[in-house]
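Here the structure is laid out as structure tokens; the discussion comes afterwards.
Readers should treat all values here as calculations from the given coordinates under stated rules, not as data from a laboratory. Please read all numbers here as calculations on a predicted model, not as lab measurements. Neighbour counts run over all protein chains shown; Cβ positions are idealised from the backbone, glycine included.
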Amino acid sequence: MTKLGTKPGREISYADALYEAVASEMDIDPSVFVFGLGVDDPKGMYGTTKDLHVRFGADRNFDTPLSEDAMTGVAIGAAIAGMRPIHVHQRFDFLLLCMNQLVNLAAKSSYMFAGAVSVPIVVRSIIGRSWGQGAQHSQALHSMFMHVPGLKVVAPTTPHDAKGCLIAAIRDNNPVIFVEHRMLYGNRGVVPEESYAVPFGKARTLKEGDDITIVAVSHMVVEALRAASHLEKVGVHAEVIDPVSLSPLDIDTIIQSSAKTGRLLIVDNAWTACGASAEIVAQVVEHFQQTRAIQVRRMGFAPVPCPTTKPLENLFYPNARTIAAKAYDMVKGADQHWLPEGPEAKEILEFKGPF
Amino acid sequence: MTKGVRGDNAVLLRRLYTSLYRIRRVEEEIVRIYPTDKIKSPSHMSLGQESVSVGVCEALRKTDIVFATYRSHAAYLAKGGDLKRMTAELYGKADGAARGKAGSMHLIDMSTGMMGTSAIVGTSLPLAVGYALAERMRGKDTVVVVFFGDGAQEEGVFHESMNFAALKKLPVLFVLENNTYAIHTPLGARVPAANFRERAATYKMPTQLIEDGDTLALLEATEAAAARMRAGGGPEFFEVMTMRWLEHVGPGDDLHLNYRTKAELDAWKAKDQVKLIGAMLDDAARGQIQREVEEEVQAALAFAEASPYPADHELYEHVYHD
Ligand SMILES: Cc1ncc(C[n+]2csc(CCOP(=O)(O)OP(=O)(O)O)c2C)c(N)n1
Ligand SMILES: [Mg+2]
């Protein structure tokens with residue numbers, strides 16, 4: 001388990017942290033290049049790739065035709081040839097067009113050829129939310145990739161981890177699905193100026209507490225931290241864990257915390273069925289069987305496609321208040337009917353469309 | 001403009017102008033209302049591209065079928081989609097075309113053959129082919145039109161769909177709305193040559209180029225193609241040159257992004273099909289259409305305002321079909 005440094009330092013946004021990670025790796029490693037729809041356009045992927053083509057040349061940050069399937073194969077081919085491509089997708093939903101290449105080729109190549117080739121690609125995928133993104137622009141499909149041996153899946157939440165994980169992903173010799181969230185881009189945090197890698201397979205305990213363990217994924221970490229402060233006000237001390245990397249998964253940190261609190265609530269930024277939350281519960285239950293009864297609950301997207309209309313969209317997602325209420329029930333006993341007051345998350349309130 | 005066979009057909013011209021002007025006014029009203037945040041839906045505006053949908057759809061029967069993209073306000077309205085249900089959908093209201101679940105990107109009106117649209121580029125193409133296959137299997141002479149952008153032709157599924165449609169001689173009219181940009185990327189950065197009709201021709205289908213989004217030329221071409229397809233002639237391919245006037249998504253102007261020039265856009269605005277067709281009518285006829293459209297548009301907006309939001313329990317409805 002590692003802890004986030006508390007020393008004062010430079011604060012930058014999540015988006016800028018991603019930019020800095022790529023730029024610094026491109027600087028030291030000529031085999032790193034970026035491509036994907038819109039990476040060199042005037043909006044530069046929300047600023048995360050903004051001027052890489054100016055700084056490093058148009059052949060190292062380039063736009064592509066709308067051909068996700070083939071472009072994924074192109075990334076894999078280039079990786080086999082010794083390059084380190086970063087393929088960027090405006091929405092996670094578009095990765096469904098890449099599935100065949102990622103699952104049948106990228107994930108299998110090292111094993112199938114007994115280590116003769118490696119596929120060091122990074123697939124950046126942005127989860128969308130809010131302003132009516134709707135059914136096809138809001139999906140979070142990380143668990144589909146967690147299912148597949150040979151792929152790594154990371155979902156950093158803080159600007160610090162965004163930078164460190166992206167650097168680690170670029171240096172990794174395997175295909176890495178790098179999960180971002182549109183609502184995290186504006187979040188600011190302390191990010192060292194120097195280059196550093198955040199190792200995969202190590203969770204972060206963002207807040208300590210003895211009453212309940214809340215494990216949250218991606219943007220839900222932000223909501224879980226807000227939930228934890230609601231809970232503090234009523235004397236419930238939640239421990240909040242961000243797995244950071246989903247595959248490999250640092251189950252030990254989660255197990256240790258669950259052993260301490262006896263209660264585990266997992267809040268995924270995705271559906272729960274066959275998801276990251278199901279995997280975490282299974283591993284925890286397998287660990288404690290016959291030795292300890294841990295109370296477990298899961299929260300995630302409602303089991304429906306995401307609707308566009310705001311009132312239904314609000315119900316679709318867990319939020320700080322519903323997370324706090326669920327945790328409170330787990331600690332105090334079912335059906336307490338306690339729901340803290342509080343505004344909607346500011347990054348969601350402030351987000352204005354169209355995209 | 002065109003051979004002029006219909007240039008003097010006042011009834012037809014009135015119909016075309018009504019459809020064009022109606023879409024234009026709806027789009028302008030969305031642009032006006034968008035900043036109030038009442039429409040919390042990413043809206044890909046058809047403004048500037050109205051004539052593509054109008055020229056094609058005016059040549060279709062009500063029972064013919066249209067598949068389109070996220071940029072489909074024009075196709076929806078041109079095919080006869082209910083305006084009130086569209087505005088309510090954009091407002092996320094319960095009287096919307098999909099009860100607020102779809103927003104601007106997924107408009108549907110089955111009663112007029114406007115099939116639901118998809119926001120994943122290229123994905124409607126094979127659906128149109130499959131629909132045509134089904135209609136043919138049941139002995140119907142339905143024509144299926146699929147509108148798609150110049151970006152969609154880069155997806156593998158475009159070629160796979162064209163190949164299969166041609167192989168099975170299915171009555172699909174492929175209509176490429178060539179506005180020459182995919183978001184901010186010009187054609188030159190995406191294809192070695194923009195020879196889309198040549199590509200279609202390799203699948204042995206007849207192709208046509210329609211310049212300037214020419215409504216009358218498109219109408220005539222569609223009528224002829226539909227007749228051939230109903231007679232078993234197999235798929236055809238249109239490339240229609242057009243231009244969106246606004247940013248890729250949303251109500252704003254985007255010249256500040258410098259991916260296209262003001263001169264380029266102004267040249268398109270100067271040959272605005274809505275104005276050109278309007279100018280073929282006398283002032284009285286045009287004025288009357290404008291008044292009627294205005295009344296309908298304002299009534300549709302009032303309808304959307306007044307409609308309630310869907311009830312909470314609707315979140316869980318329609319995941320599966322009973
Ligand atoms: C498969 C897929 N890839 C990427 C996107 C993101 N995207 C949405 S619209 C668009 C451009 C499409 O351009 P074009 O087909 O020319 O249609 P236009 O917007 O010009 O009408 C892109 C890249 C998407 N929606 N789906
Ligand atoms: Mg286009």
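Things to note:
- Fraction of beta bridges assigned by DSSP in the range A:11-190 that are antiparallel (%, nearest 5): 15 percent
- The H on the amide N of B:SER118, modeled in the peptide plane, is under 5 Å from the matching H of B:ALA68, B:TYR70, each at least 5 residues off or on a different chain.
- For the range A:11-190, relative contact order (Cα pairs under 8 Å, six or more residues apart, normalised by length) works out to 27 percent.
- Alpha-carbon centroids, the range A:55-116 and the range B:60-134: separation in whole Å: 33 Å
- Fraction of beta bridges assigned by DSSP in the range A:204-332 that are antiparallel (%, nearest 5): 20 percent
- Helix A:219-233 and the longest principal axis of the C-alpha atoms of chain A enclose an angle of approximately 20°.
- Exposed GluC sites (Glu not before Pro) absent: longest stretch of chain A, with sites in DSSP loops and at most 14 other Cβ within 10 Å deemed exposed: A:1-192
- Among A:ARG263, A:ARG188, A:ARG55, the largest mean-square fluctuation in a Gaussian network model of chain A (Cα springs under 10 Å) belongs to A:ARG55.
- Euclidean distance between Cα centres, the range A:142-166 to the range A:287-311, Å: 20 Å
- DSSP bridge orientation in the protein assembly as shown - percent antiparallel, rounded to nearest 5: 15 percent
- Two tests apply to each whole DSSP H helix in chain B, Cα reach of 18 Å or more along its axis and mean Kyte-Doolittle hydropathy of at least 1.6, and none passes both.
- The relative contact order of chain A, computed from alpha carbon pairs under 8 Å that lie at least 6 residues apart in sequence, is 16 percent.
- Folded to 0 to 90 degrees: helix A:251-261 orientation relative to chain A principal axis, Cα: 10 degrees
- Longest to shortest principal axis, alpha-carbon extents of the range B:10-307, angstrom: 49, 44, 42
- Of A:ALA259, A:ALA334, A:ALA168, the residue with the greatest mean-square motion in the GNM of chain A, using alpha carbon springs below 10 Å, is A:ALA334.
- Taking amide H positions as modeled 1.01 Å from N, with prolines and chain starts lacking one, the residues under 5 Å from A:ASP40 and 5 or more places away or on another chain are A:ASP63.
- Taking other Cβ atoms within 10 Å as a rough exposure proxy, B:TYR21, B:TYR259 sort from fewest to most as B:TYR259, B:TYR21.
- Note on chain A: GNM, Cα springs under 10 Å; of A:GLN101, A:GLN336, A:GLN289, the largest mean-square fluctuation is that of A:GLN289.
- Helical contribution to [θ] at 222 nm, DSSP H n ≥ 4, -39,500 (n - 2.57), averaged over the protein assembly as shown, rounded to 500: -11000 deg cm²/dmol
- Derived scalar couplings ³J(HN,Hα) [the range A:209-218; Karplus, 6.51 cos²θ - 1.76 cosθ + 1.60; whole Hz; x for Gly, Pro]: x, 9, 8, 7, 9, 10, 9, 10, 10, 6
- Pairwise alpha-carbon distances in chain A exceed 26 Å for 48% of all pairs.
- The phi torsions of the range A:291-303, fed into the Karplus equation with coefficients 6.51, -1.76 and 1.60 and a -60° offset, translate into couplings of 10, 7, 9, 9, 7, 10, 9, 10, 10, x, 4, 4, x Hz, rounded to whole numbers, with Gly and Pro shown as x.
- Normalised contact order of chain B, rounded percent, pairs of Cα under 8 Å and 6 or more residues apart: 24 percent
- Under-5 Å amide H pairs with A:HIS181, H placed in peptide plane, nonlocal only: A:ILE127
- Charged side chains reduced to their Cβ positions (Lys and Arg at +1, Asp and Glu at -1) give the range B:1-155 a dipole of some 480 debye around its Cα centre.
- Distance from the range B:187-204 to the range B:280-316 (C-alpha centre basis), Å: 39 Å
- Principal-axis analysis of the Cα atoms of chain A puts helix A:320-332 at an angle of about 40° to the longest axis.
- Cα-centred dipole magnitude for the range B:10-307, charges only on beta-carbon of K, R (+1) and D, E (-1), debye, nearest 20: 800 debye
- Across chain B, the longest run free of exposed loop sites, meaning trypsin sites (Lys or Arg not before Pro) lying outside DSSP classes H, G, I, E and B with no more than 10 other Cβ atoms within 10 Å, spans B:139-322.
- Shape of the range B:267-316, Cα gyration tensor, a/c cut at 1.5: oblate
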